[in-house]
1. Here is a list of conditions, (1) in contact with a helix residue (DSSP H, G or I) (Cβ under 8 Å, 6 or more places away or on another chain); (2) surrounded by fewer than 20 Cβ atoms within 10 Å (Cβ to Cβ); (3) farther than 30 Å from Arg109 by Cα, and Thr38 meets all of them except one; can you say which number that is?
2. Return yes or no: is Glu88 surrounded by fewer than 14 Cβ atoms within 10 Å (Cβ to Cβ) and in a helix (DSSP H, G or I)?
3. Restricting to the stretch 70-86, count the residues that are near the ligand (Cβ under 8 Å from one of its atoms), in contact with a Lys or Arg (Cβ under 8 Å, 6 or more places away or on another chain) and at pLDDT below 90.
Amino acid sequence: MTGIRTLADLKARCVIDDVTGCWVYKARENYRHPVVTTPLMGRSVGLGILIALVTTGKAPDKGMTNYAKCGHKACCNPRHRVIGTKQEAQKHWAKPCPPERRARISLARRAGSSVDESVIEAIRLSDKSASSIAAEHGVSKSYACRIRTNKVRAPLMNGASVFAWRP
Ligand SMILES: [Zn+2]
């Protein structure tokens, strides 16, 4: 997980949660407090510092933290991040939402999408190339890739590995 220089680099390493809009950073270990190596600092930094770097060009001032107001410590959505003190950050720690309830919310959100679940399923199971899938189903190639890697429209209940935990 090296080489993050821009917000787009960072977003590409996240799974977008369609309930909360969180960009959940995928880390193999230490996932509650992901630490990332970036050429911008030449050392490992926490996500808060990294997000501040790629959005404003500088790390938060001493004593300040760039916390997730959504409460999700692995969230990289800059719209969910605020600079504040550690005490302010603590007030925003989220309570977990039960997986069934999350699944219901996701389904309701997805009902408004022009791409329905059967198409999503077909794209996920297809072994054709991303370009032929895109042509066949009328979606963009990058959207097809993101469906196949479960970065968007992830399976609801067995997607629990991504959605079940909260910091
Ligand atoms: Zn968030």
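The values are calculated or read from the model by the stated rules, or taken from the named source; none is laboratory data. Note that the coordinates shown come from a computational prediction; the quantities given were computed from them, not determined experimentally. For neighbour counting, all protein chains shown are included, and Cβ atoms are generated from backbone atoms with ideal geometry for every residue, glycine included.
1. (2)
2. On the way: surrounded by fewer than 14 Cβ atoms within 10 Å (Cβ to Cβ): no; in a helix (DSSP H, G or I): yes.
When the stated conditions are applied, Glu88 does not pass them.
3. So the count comes out to 2.
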